[in-house]
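The next block holds one structure in the form of structure tokens; read it before the comments.
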């Protein structure tokens with residue numbers, strides 16, 4: 001650790017804590033993730049050749065995946081090849097005498113992640129205020145499609161990310177270019193965990209590839225919505241109507257596959273929506289706010305409904321079905 005000088009803590013989660021350090025060799029700031037082995041046991045076995053080097057038999061899933069699929073550590077290039085993924089810069093073990101902790105070093109991304117990034121990006125790019133969501137979609141759709149292509153390549157290699165959320169998509173030095181990171185939950189597409197009750201109860205789809213794409217769409221629309229953080233009324237109304245191109249991105253992939261199998265392919269510019277052909281009963285049963293929201297104002301009910309739709313939470317299927325039952329009971333009785 002002599003090479004890295006601590007500057008400040010950045011964030012912490014279930015798997016570990018991330019802090020900002022200064023790399024004394026390059027003079028640049030880096031992010032170092034320290035893994036909590038006692039809280040999140042290591043799943044992957046270290047290759048035999050490395051066991052004698054590190055004195056450990058297991059190492060973080062995230063580190064192994066990044067070295068195999070995102071790492072450019074052993075190339076002669078000064079900068080990593082742009083592959084749409086956060087790259088490894090260094091890794092090692094710290095032994096404090098009581099326990100050993102794996103350390104993962106990556107570039108420090110000064111612009112952060114897509115979590116509530118709208119206002120920050122608007123200031124950074126000096127965007128005009130009060131841009132419509134359709135205009136914002138025109139600006140950032142290619143950024144979304146870049147992450148989608150990266151995700152598709154991961155799927156083609158037989159893996160699912162399994163934890164797509166705003167905090168795991170990083171903004172590069174070019175604010176229009178986003179990188180996929182945090183691979184602590186990555187699994188093979190055919191991993192039995194995707195058939196487990198725990199997975200299904202977390203409001204996840206059985207096909208993890210479709211589930212990754214679905215959550216990426218939710219992240220992108222949440223990003224667009226964050227530009228209107230002071231008042232989401234127009235966004236929420238347009239989203240629930242589903243007629244704008246950016247809204248169709250959700251309804252034509254996420255909601256259809258919510259109840260029926262479909263291809264993992266999504267069009268970059270979706271075709272005309274078929275939602276207008278559904279019956280009023282079908283619309284209100286599946287799309288309208290749950291019963292407990294009906295007593296509030298239309299604005300607040302719409303906001304809470306969109307919050308539920310676009311939040312990458314682990315909402316159980318039983319909870320969603322119960323919401324629909326209550327709404328249909330109170331609305332149509």
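Laboratory data are not the source of any read-out in this text; all were calculated from the coordinates shown. On a predicted model such as this, the values are computed, not experimentally measured, just so you know. So basically every Cβ, Gly included, is an ideal-geometry build from the backbone, and we count neighbours across all protein chains shown.
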Task: Cα centroid separation, the range 101-173 to the range 4-28 (Å) - done: 21
Task: Highest average packing first - 91-103, 142-154, Cβ atoms within 10 Å - done: 142-154, 91-103
Open item on the list: Going 7 Å from the Cα of residue 198 along its beta-carbon direction, which residues of the range 122-162 have the amide nitrogen within less than 18 Å of the resulting point?
Closed with: 160-162
- [ ] Arrange the peptides 33-43, 217-227 so that the one whose residues have, on average, the most other Cβ atoms within 10 Å appears first.
- [x] 217-227, 33-43
Open item on the list: What distance in nm separates the two pseudo spin-label positions at residue 43 and residue 241, each 7 Å out from Cα along the beta-carbon direction?
Closed with: 4.3
